[in-house]
1. Place the peptides 112-123, 208-219 in order of packing, highest mean first, counting for every residue the other Cβ atoms within 10 Å and averaging per peptide.
2. Please give the FRET efficiency for Arg232 paired with Asp125, using the beta carbon to beta carbon distance and R0 = 35 Å, rounded to the nearest 0.05.
3. Which label belongs to the value computed from this structure, given these candidates for mean projected area of the Cα convex hull in nm²: (1) 31.8; (2) 20.6; (3) 24.4?
4. Once the piece of chain linking Ile387 and Asn51 is laid out straight, how much longer is it, given 0.36 nm per residue of separation minus the C-alpha distance between them?
5. Alpha carbon centre of region 242-283 versus region 127-165: separation in Å?
6. Per DSSP helix of 4 or more residues, -39500 (n - 2.57); summed, then divided by the residues of the chain. What does that give at 222 nm, rounded to the nearest 500?
7. Would you please put 331-342, 176-187, 276-287 in order of how densely packed they are, using the mean number of other Cβ atoms within 10 angstrom per residue and starting with the highest?
8. Can you give the angle from 0 to 90° between the axis of helix 319-328 and the longest principal axis of the chain, with both taken from C-alpha atoms, to the nearest 10?
Amino acid sequence: MAALRAALLGVLVAAIASFVYNDPLALRQPVDVSPVLLPPLAVPGASDPSNRLASAEIKYKLYEHQGIGPESLAMDANGSGPYSGLVDGRVVRRSADNSQWEPFAHTSPNRTPQLCDIPPKSQPDPSKEPLCGRPLGLRFHPVTGELYIADAYYGLNRVGLNGGQAEQLVGGKLVDGEKLSFINDLDMDAEDENGTVYFTVSSTKYEMRNFLSMILDGGADGGLYKYDIATREVTRLVPGVAFANGLALSQDRSFLVYCETIRARCNRYWLKGSKAGSHEVFVDLPGVPDNPRLNPRGRFWIAMPAYRTSAYDFLARAPRLRSILLRLHLHPLLLYAGIFGLPNGMIAEVDAAGQITDILEDRAGKRVKAPSDVMERGGKLWIASLIVPNLAVLDYVPPGTSTA
């Protein structure tokens, strides 16, 4: 028996040695990755002892329509909605009687139910995203009522009051030599002279379905842009953003907050005043951010789909390891779990000075998983997610507010 074990061990060692020597995965040929510098954790440890997000109510399930991943939320000028974009390429809305979700719009001219709808008890097929589209950020024009849509594959779009096929405004074009492919989020200032849409481009190198590769790469090939509605001109405002994600205009319209997922922070771009045209760090976060959204107090809710884990921070400091992981092409679920752990939820309220004023968590992901967007209306938080087929709704009283 001992001889057999020794023989098997010898075979195993020889196999490993042969694997390393021959390098069939070309692991010794480095993939260029970028350094990622992270600040110390802004809010160490548990920041919400009451774990308040775990008390959220699951509402507006999408099961009956096989809808998954309501990434962003919007209400129209009449207060109807919410509207949201799904992983199958549809923008849907709640019906007038609030009994069901109904299709409203789509961005892809290729979209058909046969091609894009997700069969019952099935998971989304990422290979269909470039064909079917993936609507992300949504904003209604406050004057015309048109819905503007940021689609990860079909760019910046708009659709009229009756919905249907959206009109592409910006998609795949070159600006300063960079291809605007992965457009992520938008906000608009309808009160300026011509009407301006601000939007983010997450990457000029990767598609949304490869977002984990973006994180391993660490590259700063995203940016902040503006689109002039009247002239249709596109201008790059900020280059070199590492996974540019959501953005929101401030209450006084003097600055934009745009989030930089890889660097676990959100930045500020000044539109007015002595600093106009400049940008700076707005807030460092204990998680990787998605969308910031203005709330009734003039502050920003920032959704964080994942915590800054020790594994994430370690990988940021280990470009060689990230290069190897890029070569391995691991299954996305395995890679996500290795970096971030099981899906959970955290959102933060940040004031106009960039100070965190409240944090809510669901550390076990019982009710809120991978939150991507927070809309506050009527004393409630409506929380969207990248990965689940429903919304979470939580009664919310701001800190320091009397409930008497």
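1. Values: 112-123: 11.6, 208-219: 21.2.
Those peptides, ordered most packed to least, come out 208-219, 112-123.
2. Details: r = 34 Å, r/R0 = 0.97.
Efficiency computed from Cβ-Cβ geometry: 0.55.
3. Correct label is (3).
4. On the way: separation 336, 0.36 × 336 = 120.96 nm, distance 2.06 nm.
That pair, Ile387 and Asn51, stretches by 118.9 nm at full extension.
5. Answer, in whole Å: 23.
6. On the way: 7 runs with 62 residues, N = 404.
Helices in the chain give a 222 nm mean residue ellipticity of -4500 deg cm²/dmol.
7. Working: 331-342: 14.1, 176-187: 21.1, 276-287: 17.8.
Most protected by this proxy first, the peptides run 176-187, 276-287, 331-342.
8. 80
Since every read-out is calculated from the coordinates, none of them should be taken as a lab result. Source: prediction; values computed, not measured. Don't worry about glycine lacking a Cβ; one is built from the backbone with ideal geometry, like all the others, and counts go over all protein chains shown.
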